[in-house]
Structures are given as structure tokens and as C-alpha cells.
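Below is one structure; the comments refer to it alone.
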Amino acid sequence: MISTEVFRNILVCASACGLGFIILYGAKQRWRWLVDPPEWLYLFYLQSMLKVLFGQRFVLAFTYAIGACFVIAGLVGLGAVNKRQVVSGTSELDRIQDACNTCAPALAAQMQLNELLENIVLYGNVVLISILLIIGIQKRWFLLGNPPQWIKNVFEDTRVVRFLYISLTLIALISSVMLFPYISA
């Protein structure tokens, strides 16, 4: 009998493989939304941001790399589900709980480190995205290509652009201030 945890792991890893194959197929077929997205989607879509920053050839190579990473990660995950888990139904969670009875202090330290790293990643991402948006507004990346009229109206209005500059700068500064205590810890 397969435990629900093992079944869930198999399902997630198989889904990752499937998604990877779809991405690879889409890159090979040159699906436009995947390898040649419109530039005005820069703010919302990673492929479009990469196209603006590095060009279409880079987007194609990046798409192949992402597809391959999904396939490899899925296969590694499927390989990690060992026979003992499938046959005996002993879940990894049960083994971890048994091991943690002897190592509770180490687990507490690990949980603190995880919380610390989560906050560093969270605030770091907010700072990075805010800076990228400020650069994008200044270089008018949102007006590249043929964006819809409402995008043009928003980014051609100087009051809106000034408001975006101020608010994104404040967000970046506040996030930076929030980030420093976690980095020093």
C-alpha cells in the first residue's frame, strides 16, 4: 500500500517532468508566448523581461534550460522515492519525527535559520523587484513594442510616473531597512 505522502511526491515529480516536456516542446515549436513574448509584458512576465534585457536568442536558450531543469528535477525526485517507502508505507515524516526526538535542539536552530532565510529572501526580492521596476520606468521598457493604449496612457503621464518613482523608492528603502537586521543575524 502506497502512503499518501509517497503518492503525493510521485504525483508532484511526474507533473514537473510533464511540465518540463511541455516547455521543451513549446520551445522547439517556437510558441510565440513562450519564446517571443511582447515587450510590454515586461512587468508581468519573466520571458518578456529577459527578451528586453538580453534578446530573443537568450529567451530561447533560457526556455530550453528551464524545461530541462523541470525534467531533471522531476526525474531526480522520482528516483528519490525509494522502494522501502513504497512497499512498507513508512513515510519520511515518521522517520523525521523519530530522529527529532533525539535532536530537538538542532531542529529548533534549523527552524530559526529557515525563518531567517525566508525573511532575507522575502525582503531581498522586494528590494530587487522595486529597483528593477524603477529602472524599467526610467528606461521606458514598458513602452517597447506595441503595448495597449492604457499602458501608454499610464506611463506617458508624468504625475503617474513620479508617483511610481516615489512609491517604489520608498518600498525599496523600507524593505532594505527591514532586511539589514536579518542579514546581520
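In terms of the mean number of neighbouring beta-carbon atoms within 10 Å, the peptides 109-115, 51-57 order highest first as 51-57, 109-115. For T158 and Y45, a Förster radius of 35 Å and the Cβ-Cβ distance give a FRET efficiency of 0.85, rounded to the nearest 0.05. At 7 Å along the Cα-to-beta-carbon direction for both Q138 and R8, put a label point, then send me their distance in nm to one decimal. Between Q138 and R8, the label points sit 4.5 nm apart. Measuring with a 1.4 angstrom probe and ignoring ligands and nucleic acids, F70 comes out at about 80 Å² accessible.
Each residue of segment 15-32 was assigned a 3J(HN,Hα) from its phi angle through the Karplus expression (A = 6.51, B = -1.76, C = 1.60, θ = phi - 60°), giving 5, 4, 4, x, 4, x, 5, 5, 5, 5, 5, x, 5, 5, 7, 6, 4, 4 Hz with x at Gly and Pro.
Label-to-label distance for T169 and N119 is 2.8 nm, based on points extended 7 Å past Cα in the beta-carbon direction. Ordered by 1.4 Å accessible area with all protein chains kept, T169, T4, T158 run largest first as T4, T158, T169.
Net charge of the neighbourhood of L60, taken over other residues with C-beta under 12 Å away and scored Lys/Arg +1, Asp/Glu -1, is +4. Separation of segment 1-80 from segment 115-156 is 22 Å, based on Cα centroids. A viscosity of 0.692 mPa s and a temperature of 37 °C, combined with the Kirkwood radius over Cα pairs in Stokes-Einstein, give a translational diffusion coefficient for segment 1-61 of 247 µm²/s. 3J(HN,Hα) along segment 130-140: 4, 5, 4, 5, 4, 4, x, 5, 5, 8, 6 Hz, from the Karplus curve 6.51 cos²θ - 1.76 cosθ + 1.60 with θ = phi - 60°, whole Hz, x for Gly and Pro.
The values are calculated or read from the model by the stated rules, or taken from the named source; none is laboratory data. All values derive from a computational prediction rather than experimental measurement. Glycine gets a Cβ as well: all are built from the backbone with ideal geometry, and neighbour counts include every protein chain shown. Just the protein is used for accessible areas: all its heavy atoms, side chains included, with ligands, DNA and RNA removed. Shrake-Rupley method; radii C 1.70, N 1.55, O 1.52, S 1.80 Å.
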